[in-house]
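The values are calculated or read from the model by the stated rules, or taken from the named source; none is laboratory data. These numbers come from a predicted model, not from an experiment. Cβ placement follows ideal geometry from the backbone for every residue including glycine, while neighbour counts extend to all protein chains displayed.
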Amino acid sequence: MAKILSALYVLFFIFVMLPALFAQSSLNPDISVIPDFRMFTTTEKDVPEKNRINFSLEEIEMAIQAPLNPYARADVYIAFANDESAPVDIEEAYFTIQKGLPWNLNVKGGKFLVDFSKLNTVHPHIYPFVFRPLYQQNFFGEEGLKDVGIELNTLLPTGEIYTKLSGTMSAGDELDGDRKNLFYSSRISSFFQLSDLTALETGVGGATGVYDTTSKRFKWINADIKFKWKKDQYTSFTLWTEGLLSQFNGAKTYGGYIAGNYQFKRRFEIGGKFDLSQSIDSKDKTHLISGNFNFLPVEETLVFRLVFSNTKTANKKSFNTILMQTVFSLGPHKAHAF
């Protein structure tokens, strides 16, 4: 009953209170709704979905975005998930001060996806494949590395090379009021225009915090590279890779992936991804190989993704999954734009 009341309260706020608040000014927010519908089958043992056709409305994401004034904006993302234990989740809710501060500083505050890797700050419906890379699921969680805190970022004076430096301090995990629980991260990224058709983006991040509710502090180093060749509006190739090294409780583990995506027609893309990952407290490896075929009948507002994957975990037989995902966007927040 409490979960139902919580969901009704959120809906009441969105559809009744929020318009009333914005009615007091001329800054009406952009509101988008993005459903994620899936049909899949798997050969994985000991799961009820094995060898049957399964349908799932995985999530409905609502994005509410607007400038607060000429210097700041606000973004709120609410997920209505197919999960009885947590049917409504505030994925992100933060403000950003974009202008008016010294040293070209931007300030972000609230709950947000931490700027620690290129892909972590991107919502899954935007990139070409369906699931977050294995290493991010194993180390960050299925929803990515996000927390409640504050981020400072600025552009460095590096001439024609676009270079961004960011630092985050957030709540971390609770340790009975011990301030040692705070999570800290930073990242520096650079964008290089190699030619009229090609560009390269690189980034390095570092983070430290407390894992779970133990007193053990972890240390992470992450690196990412993204290369893009774009011949014209409907022909492009993107190759990107990320990797993470972790130190926790005396153990060093790692994870990473490499992925590529080729748009060869206005409405068609094909791609693939290879994942290899341990976890923060286990050296057992998981491998995943996947291929995707994307059909984009309506630019940026509707996408169909057909994905085939093979997963091999430690001490278990590999299994295959075939999945068809449909994502569509009602409003200005697009279904795909990676």
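What the table below lists for this structure:
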quantity	calculated
Residue list for segment 270-291, restricted to those being surrounded by 17 or more Cβ atoms within 10 Å (Cβ to Cβ) and in contact with a Leu (Cβ under 7 Å, 6 or more places away or on another chain)	Asp275, Ser277, Thr286, Leu288
Complete set of residues in segment 57-77 that are under 20 Å from the mean Cα position of the chain (by Cα), over 14 Å from Asp30 (Cβ atoms) and not charged (D, E, K, R)	Leu57, Ile60
Pairs, first outside any strand (DSSP E or B) in segment 239-265, second aromatic (Phe, Trp, Tyr), C-beta under 7 Å, six or more apart	Lys265/Tyr234
Residue, modelled with the lowest pLDDT, within segment 152-192, restricted to residues that are in a loop (DSSP other than H, G, I, E, B) and surrounded by 17 or more Cβ atoms within 10 Å (Cβ to Cβ)	Gly172
Residue, farthest from Tyr211 (Cα to Cα), within segment 113-171, restricted to residues that are among the aromatic types (Phe, Trp, Tyr) and without any contact (Cβ under 8 Å) to a residue 40 or more places away in the chain	Tyr162
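Yes/no matrix, rows are residues, columns are (1) at pLDDT below 95; (2) in a strand (DSSP E or B); (3) buried (at least 16 other Cβ atoms within 10 Å of the Cβ):
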{"residue": "Leu68", "(1), (2), (3)": "yes, yes, no"}
{"residue": "Ala74", "(1), (2), (3)": "no, yes, yes"}
{"residue": "Tyr77", "(1), (2), (3)": "no, yes, yes"}
{"residue": "Ala86", "(1), (2), (3)": "yes, no, no"}
{"residue": "Glu91", "(1), (2), (3)": "yes, yes, yes"}
{"residue": "Tyr94", "(1), (2), (3)": "no, yes, yes"}
